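Below: one structure in structure tokens.
The values are calculated or read from the model by the stated rules, or taken from the named source; none is laboratory data. From a predicted model like this one, the values you see are computed outputs, not experimental measurements. Here the Cβ positions follow ideal geometry from the backbone for every residue, glycine too, while neighbour counts run over all protein chains shown. SASA here: full protein model, heavy atoms, side chains in, ligands and nucleic acids out. Shrake-Rupley method; radii C 1.70, N 1.55, O 1.52, S 1.80 Å.
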Amino acid sequence: MRLSQFSRRAAAQPWCGAILDGDTVIDLPAAGDAAGVDIPRTLSALLDRWHWAEKVSMAVTYATEHGTAREDLDDLVRHAPVSDPGKVVCVGLNYEDHAREGDHPIPDEPVLFSKFPTAITGPGAEITWDPAYTEQVDYEAELVVVVGREARDVSVDDAWEYVAGVTVGNDVSARDLQHGDGQWVRGKSLDTFAPIGPELVTLDDVDDPHDLDIWTDLDGERLQDSNTENFIFGLDELVAFCSRAFTLDPGDLIFTGTPPGVGVYRDPPVLLDDGDRVTVGIEGLGELTNVCRHR
Ligand code: ZN
């Protein structure tokens, strides 16, 4: 399944929907109403319901059979698939090729940091910042895990059961703030610095999350180009590792690290600028495009 959040107008509150065949969206709360299935408005609230996947299937089947709650994707505004996660966990250094690029040793354990959930934005939205506040804004292509079930101290073998699916993310980073502060939370958490989307793809629709091409295009030029086979820690290992430290809740996000080619390590460095169009893509998951704006 491919799930996300949509609205008919840009400023409206989003609702969760299922994308059927590339251009039809089932309005899940409306389909649930018609089918007598309890489906809340937001995707994070839906993921918090028991048997959410079965509920979605029932609502989609009903809507398809009865020709109701159907929308044309072209008529809708896309939002982040999850706009209100309880937490956004990030993993530093998780690609072997990126570790080599920065001359870092391969870590024995994942290094975690965080972005605040207020940084979340969606596909097509602007990444904005005040150029008087930060002068070094950078991109990071990342595969993002969406948690689908409360996870506390789960084993690596069981970890997949706690994953709702995966999506594409850009761990936008203000390098001057990140490196100047001695820790990273401010430089990683500016409003709009966590674009995700275009949609959550459930695991049954992903061939192998540890063998997907991942890339970043900046104004059409490919600046990151790798594959998740280069992960140092797999998604199951990351979920288990996080859940040993703290409870993962439905809707929580894990940004799983970026491959080589980020702007700050390039020679000469490439920094994001007003008007830049940055696209992060992952094979089978889609592309996430945002335009940069000074404010
Ligand atoms: Zn990152």
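I'm checking my understanding of the structure. Among residues of the range 227-261 that are within 13 Å of the ligand (Cβ to nearest atom) and hydroxyl-bearing (S, T, Y), which one is nearest to S155 (Cα to Cα)?
Looking at the filtered set, the residue picked out is T256.
Additional query: List the strands (runs of 3 or more DSSP E) inside the range 206-282, counting only whole elements, that have at least 2 residues being buried (at least 22 other Cβ atoms within 10 Å of the Cβ).
In the range 206-282, 213-218, 253-255, 277-282 are the strands (runs of 3 or more DSSP E) which contain 2 or more residues that are buried (at least 22 other Cβ atoms within 10 Å of the Cβ).
How about the range 152-185: which of its residues are open to solvent by 60 Å² or more (accessible area, probe 1.4 Å) and of a type in the set (K, R)?
R152
Another question, then. Please indicate, with yes or no, whether at least one residue in the range 72-80 is in a helix (DSSP H, G or I) and more than 22 Å from the chain's Cα centre (by Cα).
Taking every residue of the range 72-80 in turn, at least one turns out to be in a helix (DSSP H, G or I) and more than 22 Å from the chain's Cα centre (by Cα).
Being touching a residue at least 40 places away in the same chain (Cβ under 8 Å), open to solvent by less than 30 Å² (accessible area, probe 1.4 Å) and touching a Phe, Trp or Tyr at 6+ places or on another chain (Cβ under 8 Å) narrows it down to one residue among V77, V82, V146, V91; which is it?
Exactly one residue qualifies, and that residue is V91.
Going by the conditions given, is T68 outside any loop (DSSP other than H, G, I, E, B), touching a residue at least 12 places away in the same chain (Cβ under 8 Å) and either in the same structural domain as V264 (by TED's automatic domain parsing) or open to solvent by 20 Å² or more (accessible area, probe 1.4 Å) (or both)?
no
Residue check: is A35 within 21 Å of I196 (Cβ to Cβ), among the aliphatic types (A, V, I, L, M) and touching a residue at least 12 places away in the same chain (Cβ under 8 Å)?
Spelling it out, it is not the case that A35 is within 21 Å of I196 (Cβ to Cβ), among the aliphatic types (A, V, I, L, M) and touching a residue at least 12 places away in the same chain (Cβ under 8 Å).
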